[in-house]
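Read-outs throughout are calculated quantities, based only on the coordinates presented, and are distinct from any laboratory measurement. Not measured: the values here are computed from a predicted model. Note: ideal-geometry Cβ built from the backbone for every residue, glycine included; neighbour counts use all protein chains shown.
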Amino acid sequence: MNVTLTVNGETLSLDVPPSTTLLDLLRDRLSLHGTKEYCHSGVCGACTVLADGKAVSSCSMLAGQVEGADVLTIEGLTPDEGLHPIQQAFVDNFGLQCGYCTPGMILLAKALLDENPAPTREEIIRYMGGNICRCTGYAGILRSVEAAVKERGSWS
Amino acid sequence: MCAATGPNVTRLVGQSMPSLEAPDKAAGRIEYMADLTVPNMAHAKVVRSPLPHARIVSIDASEARAMPGVVCVLTRDEVRADPEVEEVYGFVYRDAPLVAMDKVRHQGDIVAVVVADDVDTAEAAAELVDVEYEELPAVMNVPQALAEGAVQVHEEFFPIAPELRPIEGTNVCHHATIGCGDVEQGFAESDFVYEDEFLAPPVQHCALDLHAVISQVEDGQITVWTNCQSPFPLGRELERIFKMPARVIIPYVGGGFGSKSRDRIECVITAAAKLAGRPVRYILTQEETFMTFIRPAYRNRMRTGVKRDGTIVARHNEFWVDVGGYAISGARSANNTLKVATGPYRIPNARVDCYAVYTNKPPSSPYRGLPTTQHTMSYEAQFDRIARDLGIDRLELRRRNLVRDGDIHITGDYLRSAHSHECLEQATEAIGWNEPLPVDPEGKKLRGRGVSCTIKYTLTPAREMSENSAEVALVEDGVFEVRIGTVNIGQGSDTVMAQIAGDALSVGLESVRIVHSDTYRVPVDSSTTASRSTYHMGRAVVEATDNLKPQMLEAASQLLEREAASLVFTPEGIAQADGSANVTYGELVERVGSPLAATGDCVVGGMYAGPDGKSYPIASTFWTFASCAAEVEVDTETGTVRVVKAAASATTGTAVNPHSIETQLEGGIGQEIGPTLFEQLVWDDGGQLINAALLDYPLPTMETMPEYAPRFVDHPFEGGPFGAKGMGEIGSVVVPGAVVNAVYDATGVLFHEVPLTPHKIIEGLEGQR
């Protein structure tokens, strides 16, 4: 089947088998390895990307479901030089250790801050509660998101 | 002489800094195993046993082999047909065949490997492999495995490690004891004797970066890329099995927590690659990781004799570890438990009996501090029962019994840096131990606080030797390359080693480059486990710089035509002390014409010369002491336990990267909340694991996160690099004990088994009424 979608600002038209997931499409067809896989069942959030601004588990979406969608991955969030303010907040606040859940966490935080520029701590916890991190105990991630919220005014 | 304390200048050591690779990780630019490919790579799928215990009658792979796109199928027949391949492997117990030979010993045991041009074809062909089994009775837990007439999981024993002692004719693959004093006399002298039995569940590590391997066998040379935690032992095992040189390369690893500490897929995929004549990649699925290595179930029986004032007089501890179908590494973990089973207390008469038992569960592996975690829960929970029974304050009871510097541990070790009292005070103060607990006006939610104390070992050789080296080289661009076998698994090891190397050389981070874990590019290292790297690799790095400096001085002396003794090291290069001449590191290496390099070792083990002139054994190179204080809220209607606050304090020696230590403690606490409150692998009566999918296996999330209070006691440790010790696992070790005790405080019920599921809590509360 043919799928047309926008990935990180670039519109693509691809022939893929109907069983292809968005995760497979990103990783295997487009070599965008920043999107990670673990549970392959939509639970852990390592494969989180943004589709039309919403955080989704790319392992649980078939390519056909993202026809016409605007997909943002960690590669698309990262500027040519330096880091996006949310990424920088994760670095500065020790919001990562092994780094495997990090792209998904950062994109989830991006979706949160786009929806709600000034979330409370409780709102952050509820929103971020779906993604699994095995290293940090989440404390550093919470500090990072809170720092990004504080800085929110200074970036567009 | 211990060169490891290094110079007194510390500019990098002691500073909190994010990991060197953090920006690349935040950008998603770091490559993990699943992101690597090699040219002409084929893909493997493993055919696994659906049964926990069965004899293999026949394997028919002809249909799979005939499928277009299939390269080969490896079964026992191909392994047997290759005279140059050893059939069996294992790190401490050589009991695991590359693929199942005569029988399968756990659900998910490896029966065959299908190699194809792509993953989908391999998966489809794996379905076509026809295996006929003759089902055998399975022993799914320790009581079953020890029952009279129980089926033997292994009919013969093949221990490699000298300390392992199987009991022939049983499923006990290791029984060992340790003791001091006279335990029976101790009980006789006690005013009270308490006996309890505690259970801790089997769980899985759930490292998100799936265990994976690419193996290539070409021109008599093996090259393996894998995210395992022990590249050098793996390389040696590959060389033994295949009788050819092996190189092991480890990329950045996305967590392991012990699940990747020993080989389970690398050797078999190498056999498949040899047969295929092409590089083969294999990535476990999440469900397969649950059948590859798990943290074992623990049963722990404790008798403790005390005086009326709470002084411990005697302790007998018997424990049974369920090592699963293969004791590849589980038997050694069980043995190490002897060192810590009695806890951080002065006990004049003690005995520990350890039994490692084969069952038909998946093989067990270490898990962030195992087995100290399970023992800490047991002796700490029993301690609170004793305190309540004797009417002694819980903290006071601990203060009366905790070890101090100069005490002799059950292993015979002379304890140093034993700041156990400070840890206890720090942790309890951090959660406001003496502040009044909030009271639920409706009386449905109960609050309580609990505390735990521990002592933990690190891996230590039985005799004096170095188990790891480091190389430091001044290379072309004037940068110091630090070559280490330590696997960067997310713990921040590159950063800590760069801090240590930078200070040892008096240069900034920009002049240090870390090269890690490629067995052909870095010197030997035993493993990245047991919180050992900061101390052991840190010392080797310091020694390497000590060995490099005279070479650099000699070279600079010739270039500058100055006496070596008159030269000093500066951040930029080497200079005449009076400033009259200097050479930068870049110029130095350029003019010498080749890199200057030196290696350093870390010799440990042997005997410790005590300040009393006596000599003491060293069962652990350093001991880590820690305490956790936790506050919980128990919902008496739903049975839900919430950890509200959790403080952990540990003896870290000099804090090389203080904030990194704090985040390691937070991560350890957060991770262990799972097995304490809700994580548990469950098998049904037919021996089938019913919750191997993450959908059925809840993990801690941001919503279960307590308010953390990480603390550390950082008195420099004599012998450590700049005074540092290791600490990666200690945060998790102290959690279950503190939480069980906090629930006891809240409800009056002492639970003897974790996880503290709502069902158990409700049952416990009803039993009390």
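Rounded to two decimals, what ratio of Rg to Rh does the stretch B:1-144 give with C-alpha atoms and a Kirkwood Rh?
1.20
So what is the orientation-averaged projected area of the stretch B:370-493, using the convex hull of its C-alpha atoms, in nm²?
13.9
Output the peptides B:413-423, A:71-81 sorted from most to least packed, where packing is the average of other Cβ atoms within 10 Å over each peptide's residues.
Highest mean packing first, the order is B:413-423, A:71-81.
Which translational diffusion coefficient, to the nearest whole µm²/s, is obtained for the stretch B:565-622 from the Stokes-Einstein equation, given a Kirkwood hydrodynamic radius over C-alpha pairs, 4 °C and 1.567 mPa s? All intermediate terms of the calculation are to be shown ahead of the outcome.
On the way: Rh = 15.5 Å.
Value of D from the Cα-based Kirkwood radius: 84 µm²/s.
If the reach is capped at under 17 angstrom between alpha carbons, list the lysines near A:LYS150, excluding any in the same chain fewer than eight residues apart.
Answer for A:LYS150, where 17 Å is the Cα cut-off: A:LYS110, listed by chain and number.
Please report, in whole Å, how far the alpha carbons of the stretch B:302-366 spread along each principal axis, starting with the longest.
Its Cα atoms span 45, 16, 13 Å along the three principal axes.
With a cut-off of 8 Å between alpha carbons and a minimum separation of six or more residues, what is the relative contact order of chain B in percent?
Once divided by the residue count of chain B, the mean separation gives 16 percent.
Can you compute log10 of I(q)/I(0) for the stretch B:465-604 with the Debye formula, treating each Cα as one identical point scatterer, at q = 0.22 Å⁻¹?
For the stretch B:465-604, the Cα-only Debye profile gives -1.25.
Using only the Cα atoms of the stretch B:629-723, what semi-axes does the equivalent ellipsoid have when each is the square root of 5 times a gyration tensor eigenvalue? Give whole Å, largest first.
That gives 34, 18, 11 Å for the three semi-axes.
How large is Rg over Rh for chain B, taking Rg from the Cα atoms and Rh as the Kirkwood inverse mean of 1/r across Cα pairs?
On the Cα set of chain B, Rg over Rh gives 0.99.
Send over the per residue convex hull volume for the protein assembly as shown, Cα only, as a whole number of Å³.
On the way: hull volume 166.9 nm³, N = 925.
Dividing the Cα hull volume of the protein assembly as shown by its residues yields 180 Å³.
Calculate one ³J(HN,Hα) per residue across the stretch B:445-460 by plugging θ = phi - 60° into the Karplus curve 6.51 cos²θ - 1.76 cosθ + 1.60, and present them in order as whole Hz with x for glycine and proline.
10, 9, 9, x, 10, x, 9, 8, 10, 8, 10, 10, 9, 10, 4, 9
Looking at the calculated P(r) for the stretch A:85-154, what percent of the C-alpha pair distances fall above 21 Å?
11
For the stretch A:2-77, just the Cα set please: Rg and Dmax, both in angstrom.
10.9, 29
Which value in nm describes the separation of the simple spin-label points at B:SER557 and B:ILE167, placed 7 Å from the Cα toward the beta carbon?
Rounded to a tenth, the inter-label distance reads 6.5 nm.
So which chymotrypsin sites (Phe, Trp or Tyr not before Pro) in the stretch A:84-156 end up in coil per DSSP with only 15 or fewer other C-beta atoms within 10 Å? Show your work: numbers first, answer last.
Numbers: sites: A:PHE90, A:PHE94, A:TYR100, A:TYR127, A:TYR138, A:TRP155; in loops: A:PHE94, A:TYR100, A:TYR138, A:TRP155.
Answer in residue order: A:TRP155.
Could you list the GluC sites (Glu not before Pro) in the stretch B:100-187 that lie in coil according to DSSP, counting only those with at most 10 other Cβ atoms within 10 Å of their Cβ?
Here the GluC sites (Glu not before Pro) that fit, given the DSSP loop and packing criteria, are B:GLU148, B:GLU155, B:GLU156, B:GLU168.
Cα-Cα over 21 Å: which of B:LYS445/B:LYS645; B:LYS25/B:LYS725; B:LYS307/B:LYS456; B:LYS339/B:LYS361?
From the list (B:LYS445/B:LYS645; B:LYS25/B:LYS725; B:LYS307/B:LYS456; B:LYS339/B:LYS361), the Cα-Cα distance tops 21 Å for B:LYS25/B:LYS725; B:LYS307/B:LYS456; B:LYS339/B:LYS361.
Of B:ASP196, B:ASP503, B:ASP578, how do they rank once you tally other Cβ atoms within 10 Å and put the fewest first? If you can, show how the numbers build up before the last one.
Numbers: B:ASP196 17, B:ASP503 26, B:ASP578 9.
With the sparsest Cβ surroundings first, the list reads B:ASP578, B:ASP196, B:ASP503.
Could you compute the FRET efficiency for A:ARG29 and B:MET67, with r as their C-beta to C-beta distance and R0 at 30 Å, rounded to 0.05?
0.80
Can you work out the Karplus-derived ³J(HN,Hα) for every residue in the stretch B:638-653? Use 6.51 cos²θ - 1.76 cosθ + 1.60 with θ = phi - 60°, whole Hz, and x for glycine or proline.
Each residue of the stretch B:638-653 in turn: 9, x, 7, 10, 10, 7, 7, 9, 8, 10, 10, 10, 9, 7, 9, x Hz.
Send over the per residue convex hull volume for the stretch B:79-148, Cα only, as a whole number of Å³.
So the per-residue hull volume is 159 Å³.
Within the stretch B:432-523, report the chymotrypsin sites (Phe, Trp or Tyr not before Pro) that DSSP leaves as loop and that have at most 11 other Cβ atoms within 10 Å.
For chymotrypsin sites (Phe, Trp or Tyr not before Pro) across the stretch B:432-523 that sit outside H, G, I, E and B with at most 11 neighbouring Cβ atoms in 10 Å, the list reads B:TYR520.
Tell me the mean residue ellipticity at 222 nm calculated for chain B from its helices only (DSSP H runs of n ≥ 4, each -39500 (n - 2.57), averaged over every residue, nearest 500).
It comes out at -8000 deg cm²/dmol, rounded to the nearest 500.
Give me the tail of P(r) for the stretch B:211-310 as a percent: Cα-Cα pairs with distance above 25 Å.
31
I'd like the FRET efficiency for B:HIS759 and A:ARG126, computed as 1/(1 + (r/R0)^6) with the beta carbon distance as r and R0 of 25 Å, rounded to 0.05.
Calculated value: 0.45.
Checking a compactness column here: for chain A, what do you get for Rg(Cα) / (2.2 N^0.38 Å), N being the number of residues? All intermediate terms of the calculation are to be shown ahead of the outcome.
Numbers: Rg = 15.2 Å, N = 156, 2.2 N^0.38 = 15.0 Å.
Against the empirical 2.2 N^0.38 Å value, I get 1.01 for chain A.
Under the definition of partner shielding as Cβ atoms of other protein chains within 10 Å of a residue Cβ, what is the mean value for peptide B:691-698?
Whole-number average of other-chain Cβ neighbours for B:691-698 is 3.
Between the stretch B:380-437 and the stretch B:678-720, what is the separation of their alpha carbon centroids in Å?
Using only Cα atoms to place each centre, the spacing works out to 24 Å.
If r is the Cβ-Cβ distance from B:ARG346 to B:ARG240 and R0 is 56 Å, what FRET efficiency results, to the nearest 0.05?
Working from the Cβ atoms, E equals 0.80.
For B:498-511, what's the mean count of beta carbons from other chains sitting within 10 Å of each residue's beta carbon?
The mean count of partner-chain Cβ atoms within 10 Å per residue comes to 0.
Sequence gap at least 6, Cα distance under 8 Å: using those rules, report the relative contact order of the stretch A:2-77 to the nearest whole percent. Present the calculation step by step, with values, prior to reporting the outcome.
Working: 144 pairs, mean separation 31.1, N = 76.
After rounding, I find 41 percent.
Ratio of Rg to Rh for the stretch A:29-110, alpha carbon only, Kirkwood? Write down the numbers at each step before the final one.
On the way: Rg = 12.6 Å, Rh = 13.1 Å.
Rounded to two decimals, Rg/Rh equals 0.96.
How many angstrom lie between the C-alpha centres of the stretch B:603-634 and the stretch B:266-283?
Cα centres, the stretch B:603-634 to the stretch B:266-283: 43 Å.
Within a 10 angstrom radius of each residue's Cβ in A:120-133, how many Cβ atoms of other chains show up on average? Whole number is fine.
That average works out to 3.
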